[in-house]
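Just below is one structure, and these are the notes that go with it.
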Amino acid sequence: MMMLSGISIILALVYFNQSNQSDMTSRNECRSIENDKPLKVMVNLPDEISIGQPCEIKVDIKNISGSSVLVNKRLSVGYQNSLSRELYISICEKGSSTDIGKQKVLYERQFSPSSDFVWLLPEQQISTKFNLLDWYEIPSAGIYTIQVFYQADEKLAYKPDGLCGGTFCSEEKILTVKSE
């Protein structure tokens, strides 16, 4: 049984990593047309931190449509290319579109059970908080743009009927990292 579980995980990772590169979401490809966007991703973070200091982020996902929307309330942080996550972050040097945030955590997490999915009424929101630097390494002092992405319909994840699919992104936020 242990061998079968290990093989299943390997097959899942191979499947996920072999996926079509067009599935990758760049900073400009998230759902951004106002009429097509039932969810709004909002981010609060400090304007400035020093290296070694935490960077607490609050993420709110708000239903801005006129009807109820099915979302994943778990809001677990991960990476764009990882499994079993609803949120991932892009970190770019100001003026660049190259994501330079480095993965800090190798994690293994179960996919969301059906109890993680909830209907958000119009104007209702869900929230989470986390330390950005627990998940991502910022290489040096500088000025960065931070953008948070929400996606509940990643490959291999359970997708209940009616799930609000697609990738939704926040506006870019500026974060200044000082050397000390």
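The values are calculated or read from the model by the stated rules, or taken from the named source; none is laboratory data. Predicted model, so just to flag it, every value in this text is computed and none were measured. Cβ sites come from the backbone with ideal geometry, for glycine too, and all protein chains shown count toward neighbours.
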_Every residue in the range 48-62 that is over 20 Å from the mean Cα position of the chain (by Cα) and assigned to a loop (DSSP other than H, G, I, E, B), please._
I51, G52, Q53
*Unmet requirement for D116, which otherwise passes all of (1) under 19 Å from C169 (Cα atoms); (2) crowded, with 16+ Cβ neighbours inside 10 Å*: (1)
*Restricting attention to the range 123-165, which residues are of a type in the set (G, A, S) and more than 17 Å from N44 (Cβ to Cβ)?*
S140, A141, G142, A152, A157, G162, G165
*Does the range 163-180 hold any residues that are modelled with pLDDT under 95 and more than 14 Å from the chain's Cα centre (by Cα), and which are they?*
S179, E180
_Residue that is surrounded by the most Cβ atoms within 10 Å (Cβ to Cβ) [pool: residues in the range 46-74 that are under 21 Å from T167 (Cα atoms) and aliphatic (A, V, I, L, M)]_ = I61
*Kindly indicate the residue of the range 144-180 that is among the β-branched types (V, I, T) and either surrounded by 14 or more Cβ atoms within 10 Å (Cβ to Cβ) or without any contact (Cβ under 8 Å) to a residue 24 or more places away in the chain (or both) and also farthest from I64 (Cα to Cα) among those meeting that condition.*
V177
*From the set of residues in the range 132-143 that are of a type in the set (A, V, I, L, M) and modelled with pLDDT of 95 or more, which is surrounded by the most Cβ atoms within 10 Å (Cβ to Cβ)?*
L132
*Just give me the residues in the range 82-106 being assigned to a loop (DSSP other than H, G, I, E, B), in contact with a Phe, Trp or Tyr (Cβ under 9 Å, 6 or more places away or on another chain) and farther than 24 Å from L39 by Cβ, in sequence order.*
K94, I100, K104, V105
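Does Y150 satisfy the criteria of being among the hydroxyl-bearing types (S, T, Y) and in a loop (DSSP other than H, G, I, E, B)? Step through it out loud before you land on a result.
Details: among the hydroxyl-bearing types (S, T, Y): yes; in a loop (DSSP other than H, G, I, E, B): no.
Criteria not met by Y150.
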*Quickly run through the range 126-142 and pick out the residues that are part of a strand (DSSP E or B) and not β-branched (V, I, T).*
S127, K129, F130, N131, Y136, E137, G142
